[in-house]
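Every number in this text was worked out from the coordinates using simple rules, so none of it is lab data. This one's a predicted model, so the numbers in the text were calculated from it and none came from an experiment. Methodologically, a virtual Cβ is constructed for each residue, glycine included, from the backbone with ideal geometry; neighbour enumeration extends over all protein chains shown.
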Amino acid sequence: MDNEKLRIIIDGAGAPEANMAADEALARSMQLRGGSPFARFYRWNPPSMSFGYFQPVERLVDIRAAEAAGIGVVRRKSGGKMVFHADEITFSIGMPLQLLRKGVAEKADFLACFQALMQPLVDALTVAGVPARFSEDHEVESGRSDRIHCYAAAAGHSIYAGGKKLIGAAGSVMGDVLVVHGSLPITRRELPSTVLTPAAQAREADSRQPLISVLTDFISSASIAELPDRIACTLASTFGLEPLASAYDDIERHEVQILSREKYSRIDWKTLPPETWESLLQNALLQRCEDCFTTKTPRHKER
């Protein structure tokens, strides 16, 4: 694996299924084809709810009500709780576990590697003027709940600012690659309770709204616009990588299309065996190669 460069990808606003597909395609490049670590920054159109892998989405959200409200719904590959992505910067970072373990104990657990990956975000935010820090023990304990929303809970890798949770993040391991994606809310946008099922509405009504910090609490719009580059450069510096503006290669673009259409457009995708998607991607790639060969190979005229 080429660990000398950090691919920096700045995307615009994408559909929920396309965003999750892009994150997975980039991770696949690292895991299967020796691609470089990456930092991707993006937004959402329409505003969307992304649910953790293990959440019972069908019991929590009224899909038709969400569609009527113009809100997308997608299931992530990572765990954790639901995040409502509206006015925010979303990041996805992929890093080899071997590189993350260099700065921590040799047999570091998942949380230690997660924190090692999140530390550059804390550093970059602090330099930008945001009083960012990791959650403290008492916040993690008080943040344990069966609430739906990510910001109603805290973990050891959660990032706080001004006494409230700023970054909600979740991670997954693909082979020897840790992929973390998370949200940096710019302004406060509340999810309409009408998109939740009656049972979920009742559960949320019994609890107070989660306390959330947003970037505009601390820094200007100009500083917010600079954050993706600042975070990417801090990541590169921390792990000894060369930052490199990057784009998707042909295989990645093709995988994004397939994963978006066939996998992440389905809320129930996790019920199918992993081999389903691997087989689908391999067959699609083979078909694409055959099409390219047929198109590019000149045919000899008969004499």
Using a 10 angstrom cutoff on alpha carbons, build the Gaussian network for the chain and name the most mobile of Phe218, Phe91, Phe239. Phe218
If amide H atoms are modeled at 1.01 Å from N in the peptide plane, then the residues at a separation of 5 or more from Ile148, or on another chain, having amide H under 5 Å from its own are none
Sorted largest first, the Cα spans of the stretch 8-114 on the principal axes come out in Å as 49, 28, 25
Pairs Lys77/Lys164; Lys77/Lys165; Lys81/Lys165; Lys81/Lys164; Lys5/Lys263; Lys5/Lys102: which exceed 24 Å Cα-Cα? Lys77/Lys164; Lys5/Lys263
The chain - mean residue ellipticity at 222 nm from DSSP helices (-39,500 (n - 2.57) per run, n ≥ 4, rounded to 500): -11500 deg cm²/dmol
Suppose every K and R has +1 on its Cβ and every D and E has -1 on its Cβ; what is the size of the dipole of the chain about the Cα centre, in Debye to the nearest 20? 360 debye
Per residue convex hull volume, Cα atoms of the chain, in Å³: 157 Å³
Please work out how much length the chain gains when fully extended from Arg253 to Glu4, using 0.36 nm per residue of separation minus the C-alpha to C-alpha distance, in nm with one decimal. 87.3 nm
Spelling it out for Ser78: with amide H atoms placed in the peptide plane at 1.01 Å from N, the residues 5 or more places away or on another chain with amide H under 5 Å from its amide H are Tyr53
In the Gaussian network model of the chain, springs joining C-alpha atoms below 10 Å, which of Leu100, Leu111, Leu196 carries the largest mean-square fluctuation? Leu111
